[in-house]
Amino acid sequence: MNTQNDLKPDQIICVACPKGCRLNIQQDGDQVLVTNEGCKRGVEYARREILDPRRMVATTVRISGGIHPLLPVYTAEPFPKARIMDLLALLRKTQVQSPIQEGQSILQDALGTGIAVLASRDM
Amino acid sequence: MKTVFCDVAVIGSGPGGLASAIAAKQNGAKELLLIERDREPGGILLQCIHNGFGVEIFKQDLPGPAYAQHFIREAQQAGVSMLLDTMVLEISKDKRIIASSKTNGMLAIQAKAVILAMGCRERTRAQVRLPGSRPAGVYTAGTAQRWVNVEGFMPGKKFVILGSGDIGMIMARRLTFEGAKVERVLEIMPYLSGLMRNYVQCLQDFDIPLQMQHTIKRIIGNERVEAVETVAVDDHWSEIPGSEETIECDTLLLSVGLIPENELSQQVGIQLDPLTAGPFVDNHFQTSVEGFFAAGNVVHVYDLVDWVTSAGLQAGESAARYASGKLCCDEKEIPVRHGQNVHHVIPHFLDINSLKDGEKQLQMRVTKPLEQPVKVQVLDGTELIASRTLPYARPGEMVTIGLKEKHMEQIKNATQLVVQVIEKEGSK
């Protein structure tokens, strides 16, 4: 891998494992044809990545009464990629009060996705 | 000065220190002190708020603070005593530690065994010799990470990041999340120095351009960084004239490598390996000075925290055995050396008899990337002892190979072991 900037528009890098195969993608509606995959996991990764890309999101919210001014939080599961910036804007306005337990819900249902936002630590 | 006595003293409460303390306690160290300079245990994991931790140990994708929390809780349950907000100033060969803290003042600790778990530090501007003026606005990526994720302030608005290390790429995403613009990431090598998933999820997702074989020629600005002049380099890091570009920015972050933090180890007279900048260790993680053990990034820089935890568990067990007189120091140990395409290998010495207790991992970093199937081989001079095939090998990812009880017979008369990572014949 010399440089990543030479990816063709119909190529994606698989991150199902650290190897980083370049997958060729052809999309036709809900059908995703994957070639050049290193293994089955690559095909699965590419389908999800093309049809419904999601990412784990980790950020901070304000906390009062804690050892630090910020509490780290994260989404309980991968969150729709297109809505990450909206989620961050919402969390930027969120304020919580110490004590908080690790794993405690900060948001139950983030932006109607059904995905919770959890505290990453006790504070 | 008050003196406290203990069986095992652990210096540093990051993942290596926490795991060592837990394992030492579980293996019979009654009096154990975990000494931490910060106000709370957990180390750098507390500022690594991104996910990706614990995939090996917990089979879960946790953020750094949650990974730390698990071991903090376990240490508390195991009855580990912690001295927080306490800085170790001095250690002597007879395992006497001098520390200072706001609440206890100066304190002496007399231990039977010491575990060094000080972790590592980031390379700074001075260590990569960046030319130009010296304005405010040049920071290491980890310093910026602490400010943004823990203390709650932004060090700038427009960033250039030098180095494609993981912390640099993760900070590129984090700063974008917080409204900053990351103009460019530059990497002097022809390959990524961090993990591929971080390239995809931190840079590609946000259209942050990464330039390989580029570096900074000059930092511009007097009071504050105003711009950086970048330049392309060839395979020998020589600048290519005419390729200069000026990028306006107010902050330059450096993600240019980590160095094990061994000032205390040097005070004790522990021998350091110039290749790792960490102590020479055997597979018990004992250093060249008897009764001193070392765990985690203080030994060599790991790619995954899970391996730091495993190393800590091993060091903790060994230290507890040493403190109770059960770790023999006259066992036959043979040197393990780095061969072709291996930068360094840990441990430096193998206690052959310990293979009876289970498989021992040799951990290494390769010198150059091999993007085709490779063989990881252990030889005793000429004979092949163990071999393993991997689909590829890259400097950014640690490579391991295990030695088992079945290898004992073969290597019992060996004078040394050599480890190499070579192209698998016939593959391309």
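Mean per-residue shielding of peptide A:69-77 is 4, counting Cβ atoms of other chains within 10 Å of each Cβ.
Ignoring lysines fewer than eight residues from A:LYS40 along the same chain, the ones with Cα atoms less than 29 angstrom from its Cα are A:LYS8, A:LYS19, A:LYS81, B:LYS59, B:LYS368, B:LYS375, B:LYS424, B:LYS428.
Cross-link partners for B:LYS112 among the lysines, with Cα-Cα distance under 17 Å and sequence neighbours closer than 8 places in the same chain left out: B:LYS25, B:LYS30, B:LYS93, B:LYS95, B:LYS326. P(r) tail for the range B:349-423, what percent of Cα pairs lie past 20 Å? Everything past 20 Å amounts to 31 percent. When only the Cβ of Lys, Arg, Asp and Glu is charged (+1, +1, -1, -1), the dipole of chain B relative to its Cα centre reaches about 580 debye. Kirkwood radius for the protein assembly as shown, taken over all pairs of different Cα atoms as the inverse mean of 1/r, rounds to 25.0 Å. Using every Cα-Cα pair within chain B, state what percent have a distance larger than 27 Å. Here the tail beyond 27 Å accounts for 55 percent of pairs. Panel note: the C-alpha atoms of the range A:58-119, placed on their principal axes, show extents of 33, 19, 15 Å (largest first).
Relative to the Cα centre, the charge distribution of the range A:58-119, modelled as +1 at Lys and Arg Cβ and -1 at Asp and Glu Cβ, gives a dipole magnitude of about 240 debye. Which log10 I(q)/I(0) values, to two decimals, does the range B:139-221 give at q = 0.22, 0.23 Å⁻¹ under the Debye formula with one point per Cα? Values, matching the q order: -1.04, -1.13.
Beta bridges assigned by DSSP with both partners in the range B:109-258 are antiparallel in approximately 40 percent of cases. Here the accessible area is traced with a 1.4 Å probe on the protein chains. For chain B, carbon and sulfur cover 49 percent of it.
Of all lysines in the structure, those lying under 24 Å Cα to Cα from B:LYS102, and not within fewer than 8 positions of it along the same chain, are B:LYS2. Kirkwood-type hydrodynamic radius, the range B:172-301: 17.7 Å, calculated from all non-identical alpha-carbon pairs. For B:PHE349, the amide hydrogen comes within under 5 Å of the amide hydrogens of B:VAL281, B:ASP282, B:ASN283, B:VAL336, counting only partners 5 or more places away or on other chains and with H modelled in the peptide plane. The alpha carbons of the range B:1-152 stretch over 51, 41, 26 Å along the principal axes, in descending order. A dipole drawn for the range B:42-166 from +1 and -1 charges on Cβ atoms has a positive end, and of B:PHE159, B:ALA113, B:LEU83 the residue lying farthest that way is B:PHE159. Here the range B:68-204 is treated as a Stokes sphere of Kirkwood radius computed over C-alpha pairs; at 10 °C and 1.306 mPa s its diffusion coefficient rounds to 86 µm²/s.
What you get for the protein assembly as shown, charging only the Cβ of Lys and Arg (+1) and of Asp and Glu (-1), is a dipole of about 600 debye around the Cα centre.
Is the C-alpha gyration tensor of the range A:11-51 telling us rounded, prolate or oblate? Criteria: a/c under 1.5 is rounded; beyond that, a/b larger than b/c is prolate, otherwise oblate. Since a/c reaches 1.5 and a/b is larger than b/c, the shape of the range A:11-51 is classed as prolate.
Considering only alpha-carbon pairs that sit under 8 angstrom and 6 or more positions apart, the relative contact order computed for chain A is 18 percent.
Sequentially through the range B:348-358, phi angles give Karplus couplings (6.51, -1.76, 1.60; θ = phi - 60°) of 7, 9, 10, 7, 4, 5, 6, 5, 4, 7, x Hz, Gly and Pro residues having no value and appearing as x.
Over the range A:5-123, the hull volume per residue, using the convex hull of the C-alpha atoms, is 139 Å³.
Look at the alpha carbon pairs under 8 Å that are at least 6 residues apart: their mean separation over the length of chain B gives a relative contact order of 16 percent. Working note: Karplus 6.51/-1.76/1.60 with θ = phi - 60° gives the range B:387-395 the couplings 8, 8, 9, 10, x, 5, 9, 10, x Hz, where Gly and Pro are set to x.
The values are calculated or read from the model by the stated rules, or taken from the named source; none is laboratory data. Because the structure is predicted, anything quoted here is derived from the model rather than measured. Because the Cβ atoms are built from the backbone with ideal geometry, glycine has one as well, and the counts that use them run over all protein chains shown. Remember, those area values only see protein heavy atoms, side chains included, never the ligands or the DNA or RNA. Shrake-Rupley method; radii C 1.70, N 1.55, O 1.52, S 1.80 Å.
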